[in-house]
Amino acid sequence: MHIHRYERWWMTFGIAMLVVFLLMIGFAAFADNINPPSGLQQVDPQKLSQTPPFDKPGLRKLPNGTYEAYYVAEVFNFIPATLSVPVGSKVTFYVTSADVVHGFFIPRTDINMMAIPGWVNTQSHTFTRSGDYLLICHEYCGIGHQNMFARIAVH
């Protein structure tokens with residue numbers, strides 16, 4: 001079988017570019033210490049009201065001065081609806097859902113997660129500016145999706 005010289009050149013160029021892109025992605029993942037999720041927590045979404053700490057969601061202060069915020073997303077609200085956090089505090093969010101997939105997004109921060117039934121998603125943020133932060137669901141979860149939000153007051 002005869003392959004034209006230009007076709008061979010373009011195939012070589014395409015394969016070389018694929019190898020370069022894969023090497024760049026691998027290097028970036030290694031340099032930024034990007035790893036697949038491990039140690040994910042699971043929880044029974046039908047028994048959230050009886051499963052600590054999601055049976056009493058809210059803010060907890062740890063002995064080292066940081067905070068843990070436990071949130072349960074359900075159609076069409078976040079529990080708790082309001083949270084008060086001191087300026088400069090580091091908050092680790094633990095989020096799960098009781099029913100369907102929800103979003104968990106706090107604009108002006110790096111918090112952007114999915115609340116998935118049966119799984120606990122975790123992310124931390126240090127609130128350096130005071131003000132009211134809106135927590136919104138950014139995944140369509142049903143007819144009342146537009147009303148699904150909560151507030152975090154940083155003072």
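Just so you know, all these numbers are worked out from the coordinates, no wet-lab data involved. Please read all numbers here as calculations on a predicted model, not as lab measurements. Every residue, glycine as well, gets a Cβ built from its backbone with ideal geometry; the counts of neighbours run over all protein chains shown.
Only bridges whose two residues both fall in the chain count here: according to DSSP, what percent of them are antiparallel, nearest 5?
Numbers: 26 of 38 bridges.
Within the chain, antiparallel bridges account for around 70 percent of the total.
Exposure proxy for Ile15, Ile106: other Cβ atoms within 10 Å of each Cβ, ordered fewest to most, give Ile15, Ile106.
In the distance distribution for the chain, Cα-Cα pairs more than 29 Å apart total 36 percent.
What the Cα atoms of region 52-127 give is an Rg and a Dmax of 11.9, 34 Å.
Sorted ascending by nearby beta carbons within 10 Å, beginning with the fewest, Trp10, Trp119 become Trp10, Trp119. When only Cα pairs below 8 angstrom with a gap of at least 6 residues are kept, the chain shows a relative contact order of 21 percent. Listed by Cβ neighbour count within 10 Å, with the fewest neighbours leading, Leu23, Leu48, Leu59 appear as Leu23, Leu59, Leu48. Close amide H partners of Gly103, meaning residues 5 or more places away or on another chain with modelled amide H under 5 Å apart, are Ala115, His138, Glu139.
Build a GNM of the chain with springs between Cα atoms under 10 Å apart, and of Pro45, Pro80, Pro107 the one that fluctuates most is Pro107.
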